[in-house]
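Notes for the one structure printed next.
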Amino acid sequence: MSTGKVICIVEDKEELRNAMATMVGMQQGLVHGGSYSNAEEAVPAISSIQPDAVLMDINLPGSSGIACVAALKNRFPNMLFLMCTAYEDNEKIFSSLKAGASGYLLKSEGPGKILAALDEMLLGGSPMSGSIARKVVASFSDFSAKDQLVQALTDREKEILDLIATGLMNKEVAAKLFISTATVRTHVRNIYEKLQVNTRVEAVNLYLKR
């Protein structure tokens, strides 16, 4: 009986799914545990098999690969997931990582890179395509810059933003803080200037996402 690392595959395109299964099965030290075309089929099957790692597509019929990862990771925190997808937009990248994926590889990288990434992940790494890694690094730089803008706010300005975030208008904020509406307007103008925004919505979004 094989004692290699068990790998499952979730991919809706049959040809690619079969190619991945063959690729895994031929790799020394890896065992193909099962292949599935959708999350609804994959979640109960993978829960039963409890493989070491899963190659996961994002764009699946029905529930997405990201939802599939989240459901499985919640039950099996040690299970590893390598997203193998054509998508490289920020929302899908960070949603995947937040759901519990350990790596994110573009299908265009080819089978050799996918296998290398799988090995790297099994050894404790977090493999990513170069373009994906650059997006992750850039986003951290962006988060840091936004956080610095928010740190420039005074405690009173943060207090006002907290109230604005709940949907209160200037007059209501003024009543809550026992200050004049004119004073609130002055604080709001200062907030816009410090956060480099032009609207309440932009200010609140930046403040809450810092």
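Derivation of every value follows stated rules applied to the coordinates shown; laboratory data play no part. Because the structure is predicted, anything quoted here is derived from the model rather than measured. With ideal geometry, Cβ positions are generated from the backbone for all residues, glycine too; neighbour counts draw on all protein chains shown.
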Label corresponding to Rg/Rh (Cα atoms, Kirkwood Rh) when calculated from the structure given, among (i) 1.12; (ii) 1.18; (iii) 1.04: (ii)
Cα-projected label distance for residue 74 with residue 205, points at 7 Å along beta-carbon direction, nm: 2.8 nm
Helix-only [θ] at 222 nm, the chain, -39500 (n - 2.57) per DSSP H run of 4+, per residue, nearest 500, equals -18000 deg cm²/dmol
Let a ≥ b ≥ c be the square roots of the eigenvalues of the Cα gyration tensor of the stretch 152-208; is it rounded (a/c under 1.5), or, if not, prolate (a/b larger than b/c) or oblate? prolate
How tilted is helix 155-165 with respect to the longest principal axis of the chain? Cα atoms for both, answer in degrees (0 to 90, nearest 10). 70 degrees
At what distance in nm do the modelled label points of residue 196 and residue 108 sit from each other, each positioned 7 Å from its Cα along Cα→Cβ? 3.0 nm
Could you check the spin-label model distance between residue 13 and residue 45? Points 7 Å from the Cα along Cα→Cβ, value in nm. 1.9 nm
Please determine, in degrees from 0 to 90 and to the nearest 10, the orientation of helix 39-49 with respect to the longest principal axis defined by the Cα atoms of the chain, where the helix direction is its Cα long axis. 60 degrees
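Please compute the length gained on full extension between residue 185 and residue 31, using 0.36 nm multiplied by the number of residues separating them and subtracting their Cα-Cα distance. Don't jump to the answer; show the numbers that get you there.
Working: separation 154, 0.36 × 154 = 55.44 nm, distance 6.45 nm.
In short, 49.0 nm is gained.
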Just want the ordering: 89, 52, from fewest to most Cβ atoms lying within 10 Å of their own Cβ. 89, 52
